[in-house]
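Please read the structure below before turning to the comments.
The values are calculated or read from the model by the stated rules, or taken from the named source; none is laboratory data. These figures come from a predicted structure and were not determined experimentally. Note: ideal-geometry Cβ built from the backbone for every residue, glycine included; neighbour counts use all protein chains shown.
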Amino acid sequence: MYHSSSIRWGAWGVAAWAALFLLLVGIRPGVALGNESSKTGKPERAQQQMEDFGAGPSPSVGAVTKGSQRSVRTADAREVPGDLTGIGLWIGGILPGGQDYGNTSGGMGFDLLYWFERPHFAVQPRVGIHFDTDRSDHTFWEVPLDVGLFWLPAAGPVTPYFGGGGGLRYIHEQRPVFLRTGTFLITEAVGFDRDSGLGVTVYGRFGFLLARRSSFRVNLNVDYAVTFLDLNGRGSPTCMAFGAGFVF
Amino acid sequence: MDHLDIVWPLLRPVVLLWLGGVLLLGGCGELFGDLLEPRVTTADLSGEWTLRGEGVRDRCTDRLYEGEFSLRLASRLSVRQTGTDRQGLALLELAQEVKLDAVRLVMSGGVQGNRVEFSLREEVEGVAEVDFQFVGAYNPARATIEGEFSGEGPMGCKNGGRFTVTVEKSGQTGADY
């Protein structure tokens, strides 16, 4: 069922997320590469990295560029994954929970994301398109528009990460229904229960962030999402998403 | 002598006989009607009917029901052919009442030659849930009636499609109704 209120929410949602996206881009214009910049020996970049790592602003940081301490400090800085902002892509599979998402067996998805990473946390707004890969008449497609906040517990080049996020999700589903009428004169047909709508969504994520010293990040993740939306009278659809994201 | 004077006396009886025959047959057309124009024999469709059809329905009160559908009888229907009406239409009716609780199946129709028309209506407490009209032709070689149907219901749908009835003579198999 289509609701005008849902459409209004959709317009506001798009505007809100676009504003957030631009805000984040505005905060960190361009791609900043910690490791590479530390190689250039720029003191301000090294200091920024140390602050991000928790060392805080310290007069000694300035010594990174000076004398005998230079190599030590540089080595320390190399242990700290650099901060990164960039555009990314995610590709993965979708596993509907129970009989959700049109009772499809599964699907796949593509997300366009923005990745804002500091040594111990990352923020990721995204928009995507997910759809079924079912060959039957069961179908779904959805557009998630959300933002996630993740904790990166380890500072090494590889770290697990946890977190979650929320936002909006537009879901469309189609379920074939067997229709039979009559007692003596029987009619039989297959009808299609179609429903769609926009709902608030939340998700939790567990994953691994790889190649943190590189400007090209790879992350493997598993999400579990719930969307508060009633489709075909079946309550809030849930799904798992597993895949790989690449940040440039 | 002219040739005609020789031939005519020989031909005259033949010509007279031919003319006489034409006048006789023309004047007694009613008597020899069957010879001049053979009358079509009305098929006997009494027996156990099995119906199957495929159609499309639209304008339903619930759009879920719109689209293609199949049609069939839940089981074979015992039909009998009674006398003819004034137009020579042999009437068709159910051999016995088909009823289950408040649900009742009503049939009416007729056959003339090989042309068959009948309707089937399923009523619940006297109100028609579905009402289909069938028009088709009987094929004696295959003992089938094939044609088109239209009608209303369920869910107020407008229906149309094609159907086939297979007629088995009574006694060949046991009747289900």
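Worth a mention:
- For the range B:80-117, filtering for residues that are in contact (Cβ under 8 Å) with a residue 40 or more places away in the chain, over 21 Å from residue B:129 (Cα atoms), crowded, with 17+ Cβ neighbours inside 10 Å and not small (Gly, Ala, Ser) leaves 3.
- Identity of the residue in the range B:39-71, farther than 18 Å from residue B:92 by Cα and among the polar types (S, T, N, Q), that ends up nearest to the chain's Cα centre (by Cα): B:70
- In the range A:133-151, residue farthest from residue A:221 (Cα to Cα) [restricted to those that are of a type in the set (Val, Ile, Thr) and more than 10 Å from the chain's Cα centre (by Cα)]: A:139
- Matching residues in the range B:123-133 - criterion: being under 21 Å from the mean Cα position of the chain (by Cα) and within 11 Å of chain A (Cβ to nearest Cβ): B:131, B:132
For (1) at pLDDT 65 or above; (2) among the hydroxyl-bearing types (Ser, Thr, Tyr); (3) in a helix (DSSP H, G or I), each residue gets a yes or a no:
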position	(1), (2), (3)
B:19	yes, no, yes
B:25	yes, no, yes
B:40	no, no, no
B:51	yes, no, no
B:61	yes, yes, no
B:69	yes, no, no
B:78	yes, yes, no
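- Complete set of residues in the range A:191-200 that are closer than 15 Å to residue A:141 by Cα and touching a Ser or Thr at 6+ places or on another chain (Cβ under 8 Å): A:197, A:198, A:199
- Of residues in the range A:168-190 being within 14 Å of another protein chain (Cβ to nearest Cβ) and closer than 16 Å to residue A:140 by Cα, the one surrounded by the fewest Cβ atoms within 10 Å (Cβ to Cβ): A:177
- Residue in the range B:112-121 that is within 14 Å of chain A (Cβ to nearest Cβ), under 27 Å from residue A:189 (Cα atoms) and over 14 Å from the mean Cα position of the chain (by Cα) present: yes
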